[in-house]
Structure formats: structure tokens, C-alpha cells
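Input: a single structure, listed below in C-alpha cells.
A short reminder: the numbers here are calculations on the coordinates, not readings from a lab. No experiment lies behind these values; they were computed from the predicted model shown. Because the Cβ atoms are built from the backbone with ideal geometry, glycine has one as well, and the counts that use them run over all protein chains shown.
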Amino acid sequence: MSSTAVSPDVMAKYEPVIGLEVHVQLATRTKIFCACPTSFGAPPNTNVCPVCLGLPGALPVLNRQVVELAIQSGLALNCQIRQESIFARKNYFYPDLPKGYQISQYDRPVAEHGWVDIRLPDGREKRIGVTRAHLEDDAGKSMHEGFRDSEHYTYVDLNRTGTPLVEIVSEPDMRSSEEAYAYLTELKLLMQFCGVSTCDMEKGHLRCDANVSVRLRGAEKFGTKAEVKNLNSFRFLKMALDYEIQRQIALLESGGKVVQETRLYNPDLDETISMRSKEHAHDYRYFPEPDLLPLRISDGWLAEIRSAMPELPPVKRKRFITEYGLREYDADVLTATRDLSAYFDEVVKVSGDARQSANWVMGDLAGLLKANNKEVAESPVSAANLGELVKFIAKGDISNKIAKDVLEKMYETGETATAIIDREGLRQISDTSALDKIVDEVIAANPKQVEQYRSGKTQVIGFLVGQVMKASKGQANPPMVNEMLRAKLG
């Protein structure tokens, strides 16, 4: 990055302008216009048919589930849903595009005029506009390496051809790589919560291109933009944007001009490389797809899909804070996935104690899951069982220390907290007559600490409480022990 490095003072003169185009693969079992499977990892060119191979006479038939998922994504992005949209042919030649065109949507997309609210690390909140979310079919994949003669030939795998995508185009509202990172993170979460997509970047289910330009601070007119492709991870998105912003500023500062082009990000070199001059819309010769009728969405169908939408992360976070009294950080962690938020809700429902539930879900349970490389959906401890354990703690029936041991046994065996606690006689001793003898014995055995307490060193009470807990094998009720000791010691 040394060739593009510019000083902080020079950087401060300019303002980046960033917009993202995000391709989300929809979670259907079959492709958008045919019955071929969308499964990942099949042998090359096996998930294909005359439709996705673009053979003469083969006609597309629209997958209803694709439309429903696209509507869900639009609703999650606060978009207006068009009740009549049309498909268009986007014409260009790539070896991995057998039809010679991509079926997409242009001037009448299924969803438009939405937004995504993001929160930045410094606590600031910002609304990023969404221009449109439109349907299209994916191209195949050109393979440039991994074969004996890769130096001379490019191989093509058409399994991905015809896979359903929703392309989400943002407004150029982002002003830093941090904002772009936050936007993509929130967008991914929204798509996953709806079940629209797994957003597995390793499988290409979420792919991102960035449009980047810079302008002098205070200027109204946008600068010339470059499109940066090959951003297949959140980390690479941020790195590529930081490089490209510095590259454009360095170019302008040296008297050069930014040209409109498509660039690729090379993570090994941590730089963007010119790929081709950027196309304009008219270069694609868009025209209505003659083999597909306009897509019409009735009021009833739209209402049915809207009513089935889950509670989305922004609403869920707010509820966790206002209803459960959680901190913002805890609410963020517990809404990281739909499964985790649903698990936590069930724990609270059973335990009646949201804060204790949050501590146990994010702390001890999370630690056990991580150590065993499991997700919360695979937890051997059900949400109801963890809720029962938290309820025992809240009622004072068991101590936190004993609860940790019980949780480990619950994780190992799948048993309930009640079964383990009753079998092993672990309930806390809250009977003052039962504790009285133990407390007296501890006082008698520790005259030095007793004298220190009575001479004003009251912090020594912690040591004495610990001795009672030890003598009772952890079953004494700590607050009650504390109270009894203070009473007996005057």
C-alpha cells in the first residue's frame, strides 16, 4: 500500500462516497427458471438442463418460491414492493453465460426505495438508502486454475447458471469503509433472519461489489467512480475500500484523473487492479424478456407474506433493551443469529429473569458450545432446561458455583437441572437451624479473622463466608451466611 499512502492531513481534505451492490443467493432447492438443483459442490456441469444451458427452444418457468423470498428480502429492507414488475434481458458475452444474456430486472424491479439502519462502533447511528432489490439468474463459473493445462485454457462450470439471486443496490450513502462494513453486516443478518439466504460467503451465497469515488469535503458533485469486484469477505471489503480510497486521493493529488472502470481486489497484494472500462446501462442493451410475462403480486399474496415475516433484528434488539432491560452490547450479541435470539427468548420465558438468562447464554453455555465447536441450534441443553436452571439460581435453590457444575452435567447427559440437583442433593441450605452449627464452627476455627473483623477490617467477612461455603460443600445460601455471620460477630 506504500505507493498509494497519503498523509492523514491530505486524507482529511477528501470525502469518500461508497455504494454497494450485494448479490444474495436465495435459499431455494431449485433454480429460478428450471427444476435443476442449486446444491453446492456437485461435479461440474451436472446440475444443468436445456433451460440453464440456453439451448434453442427451451423456455423459462418462474419459480414461485424465488418470488416469495425476494418479497421477504424487500420487506426486510423496508422497501416498497411493486405489484407489477418485469424481467429484462441484460446482454453481454462471457464464456460462462451460455444464453449470451442474463435474465434480470431493470426499470421495474420487484422492490425499491428502502433503507437499512446501521450502528457504528462509536455509537453513531445512520440510515443507508436502498435503491432497489431485483431478481436475476446467476451466471456460471470460469475456472482459471487447478487443471494441468490451466496456463493455456479456461474451464467453465455451468452448475451455478440459473441460480436465483436478489441483487440489492444501495444508495451512495456510505462515507467510510467502516460504514460499508456495518451496512453489509446488518444486511446479511436481515437476510438470514428472514430465511431468505444462508449468506455463506465461502459458497458464494453472498457476493459484494463496491462503487467508490472521492470528492473534496463540502463538494456536492460526486467524483468519478470505480467499481471494485472480488470482495468475498467482510475483511476484504474493508481492506479493498481503504486501498481504493487512498489510491484515488493519491491520483488526484498528483494531478491525475480517476477513470470510470471495473477493478479487481487482490488480497495477496492488498491492492485493486484495473480489469476493464466500466459499462453503462445502454451497453447491456436491456429489453423486456419476451419469454416471461410481467410478474404480478396480488394484495392477498403480499399480505400473506408480510404476516409470516419474523421479528427482525432491529425490533428484537429494541425489545431486548426496553422489555428485558439488557445493555445494548448484550442485545447485539443475542441477536447475532435467529437461532440464538429464539433460544434466549425461550430461556427468559421459563426462567423469568432476563439478565441472569443473558449471562448464562452468553457466558457458560457459549463457552461449552465453543469448546465443542457447536452452534446454539445443536446445544444438548435445551432452552427450557437452561431456563429451569436459571430459575433455580434466581430462587436461591442453588448457588452459582453449583449451577456451573450442574450445567456441565446437563451438557454431557442431556438431563434436566431438576433431575441432577435432586439426585445429587445439591439444593442450597437456606434453613437457619441447619446453617447455625456450621457458622459457629467456622467462627470458632478462625479466631484471628474474627478478631480482625471486630477491629474494623470488615472485608475479612468474605473469607469467613468462603469457609462456610466450603464446609457446606457449596450448598449454603451465601446471602444468608453473610447475614448470619455479621449478626453473630456483632
If I stretch the segment between Asp200 and Ala342 completely, what's the gain in nm (0.36 nm per residue apart, minus their alpha carbon distance), one decimal? 49.0 nm
Sites matching GluC sites (Glu not before Pro) across the range 343-391 that sit in DSSP coil, with at most 12 neighbouring C-beta atoms within 10 Å: Glu375
For the residue pair Met275 and Arg423, what label-to-label distance in nm results when each label sits 7 Å from Cα along the Cα-to-beta-carbon direction? 5.9
Rounded to the nearest 10 degrees, the helix 177-194 long axis (Cα) sits at an angle to the longest Cα principal axis of the chain of 80
Extension length gain for Leu120 and Arg454 (0.36 nm per residue less Cα distance), in nm, is 115.0 nm
Tell me the angle of helix 461-471 to the major Cα principal axis of the chain, expressed in degrees between 0 and 90 and rounded to the nearest ten. 90
R0 = 41 Å: FRET efficiency of Phe463 with Asn232, Cβ-based, nearest 0.05? 0.15
Could you state, as a whole-number percent, how many of the C-alpha pairs of the chain are farther apart than 45 Å? 33
Which listed pairs, of Lys395/Lys457; Lys395/Lys448; Lys391/Lys470, have C-alpha distances above 29 Å, in listed order: Lys395/Lys457; Lys395/Lys448
Rounding to the nearest 10 and keeping the result within 0 to 90°, find how far the Cα-based axis of helix 383-394 lies from the longest principal axis of the chain. 30
Mind giving me the nanometre distance, one decimal, between the label points for Thr322 and Lys374, set 7 Å out from Cα along Cα→Cβ? 3.6
Which of Lys90/Lys203; Lys126/Lys221; Lys141/Lys238; Lys188/Lys401 exceed 30 Å between C-alpha atoms? The answer is Lys188/Lys401
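Going through the range 293-326, which GluC sites (Glu not before Pro) have at most 13 other Cβ atoms within 10 Å and a DSSP loop state? Spell out each step's value before the answer.
On the way: sites: Glu304, Glu311, Glu323; in loops: Glu311, Glu323.
Qualifying residues, ordered by number: Glu323.
Between Leu55 and Glu253, what length comes free when the chain is fully extended (0.36 nm per residue of separation minus the Cα-Cα distance, one decimal in nm)? Provide the component values of the computation, followed by the final result.
Working: separation 198, 0.36 × 198 = 71.28 nm, distance 5.19 nm.
Extra length from Leu55 to Glu253 when fully extended: 66.1 nm.
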Which value in deg cm²/dmol, rounded to the nearest 500, describes the helix-derived mean residue ellipticity at 222 nm for the chain, given -39,500 (n - 2.57) per DSSP H run of n ≥ 4 and division by the residue count? -11500 deg cm²/dmol
Separation between Cα centres of the range 1-41 and the range 190-258, rounded to whole Å: 7
With label points set 7 Å from each Cα along the Cα-to-Cβ direction at Glu84 and Arg127, the distance between them in nm comes to 3.0
